[in-house]
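In what follows, a single structure is set out as structure tokens and then discussed.
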Amino acid sequence: MMEQAQAFLDESEALYDLVKDLDDEALELQTGFKNWTINAVIGHLHMWNHAADLSLEGGGKFAELFNAFVEHMAAGGSFNSFELEWREGLNGQALVQEWRAYYRALAERFGTADPRARVEWAGPDMSVRSSVTARLMETWAHGQEVYDLLGVNRQNRDHIKNIAVLGLNTYGYCFRNRQLDPPEPRPFLKLVAPSGEIWEMGEASETEVIEGLAEEFCQVVTQTRNIADTSLI
């Protein structure tokens, strides 16, 4: 299986282990992310996993779903309302189990696909490898608000390197997406992996350097932590 597909599966399983024993009342608890409930988080991951699957399948099915989403938002809807409508109100452990069955099957399909093939998405198309990495990132990032809500200290694994790489590679895009010129040079990263390994990424620099824990860098680039609340330097 493609390494990123296995990482997506592993991260999804870790989040499943966190929520599998919660009752339906607990799944309605609000997280610190825009007051989304745990149900809303799982429902969000489930629907966009499905969207990624449609893009992998091809044939314009992803565009149909995404256009419906855009129309819903233009009419004053929200992510949560569209996703709840899409899953026909499914919530609670029934939703958790359906999400689990689907992400397992999706990981298998990603794992056997050509990693260089191009697939549709909301913006420019991307490679299959990038698509499954995005699903890993989304699962990891939204999982953080559930860990925080439940007061569980997350045990990260080295597969978060994929998220760190994604954060570095999208540096320029983050500025251009806001009609800004990206400051140069791009920062050089020197990060400590969960295993203790040192990861160095980008062009070496003595001045434009970000150092610290890889998990904190990933938290900042996925907007689950303010940089002021980390030890990054």
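The values are calculated or read from the model by the stated rules, or taken from the named source; none is laboratory data. Bear in mind the structure is a predicted one, so any value in this text is a computation, not a measurement. Here the Cβ is made from the backbone with ideal geometry for all residues, glycine too, and neighbour counts use every protein chain on show.
Within segment 70-88, residues that are under 14 Å from residue 47 (Cα atoms) reach partners that are hydrophobic (A, V, I, L, M, F, W, C) with beta carbons closer than 6 Å, at six or more positions or on different chains, in the pairs 80/40; 82/69; 83/47; 86/47. Do we find a residue being surrounded by 13 or more Cβ atoms within 10 Å (Cβ to Cβ), touching a helix residue (DSSP H, G or I) at 6+ places or on another chain (Cβ under 9 Å) and not assigned by TED's automatic domain parsing to the domain that holds residue 46 anywhere in segment 177-186? Checking segment 177-186: at least one residue is surrounded by 13 or more Cβ atoms within 10 Å (Cβ to Cβ), touching a helix residue (DSSP H, G or I) at 6+ places or on another chain (Cβ under 9 Å) and not assigned by TED's automatic domain parsing to the domain that holds residue 46. For residue 141, the conditions (1) without any contact (Cβ under 8 Å) to a residue 40 or more places away in the chain; (2) within 13 Å of the chain's Cα centre (by Cα) are fulfilled apart from (1). Would segment 106-113 turn up any residue that is among the aromatic types (Phe, Trp, Tyr), surrounded by fewer than 18 Cβ atoms within 10 Å (Cβ to Cβ), assigned to a helix (DSSP H, G or I) and within 20 Å of the chain's Cα centre (by Cα)? No; the residues of segment 106-113 include none that is among the aromatic types (Phe, Trp, Tyr), surrounded by fewer than 18 Cβ atoms within 10 Å (Cβ to Cβ), assigned to a helix (DSSP H, G or I) and within 20 Å of the chain's Cα centre (by Cα).
Among the helices (runs of 4 or more DSSP H) confined to segment 127-177, the ones with at least 2 residues that are under 15 Å from residue 13 (Cα atoms), in contact with a Phe, Trp or Tyr (Cβ under 6 Å, 6 or more places away or on another chain) and at pLDDT 95 or above are located at 128-150.
Of all the residues in segment 1-37, those that are more than 19 Å from the chain's Cα centre (by Cα) and closer than 28 Å to residue 116 by Cβ number 1.
Pick from segment 1-42 the residues that are in a helix (DSSP H, G or I) and of a type in the set (S, T, N, Q): which of them is surrounded by the fewest Cβ atoms within 10 Å (Cβ to Cβ)? Across segment 1-42, the extreme among qualifying residues is 6. Within segment 166-202, the set of residues being hydroxyl-bearing (Ser, Thr, Tyr) and within 18 Å of residue 130 (Cβ to Cβ) comprises 170, 171, 173.
Looking across segment 188-232, the residues that are of a type in the set (Ser, Thr, Tyr) and surrounded by 16 or more Cβ atoms within 10 Å (Cβ to Cβ) come down to 222, 224.
Would you mind stating whether residue 160 is within 24 Å of residue 146 (Cβ to Cβ) and without any contact (Cβ under 8 Å) to a residue 12 or more places away in the chain?
Taking the combined requirement at face value, the residue does not satisfy it.
When the residues of segment 114-125 are filtered to those that are among the aliphatic types (A, V, I, L, M) and modelled with pLDDT of 95 or more, the one that is nearest to the chain's Cα centre (by Cα) is 119.
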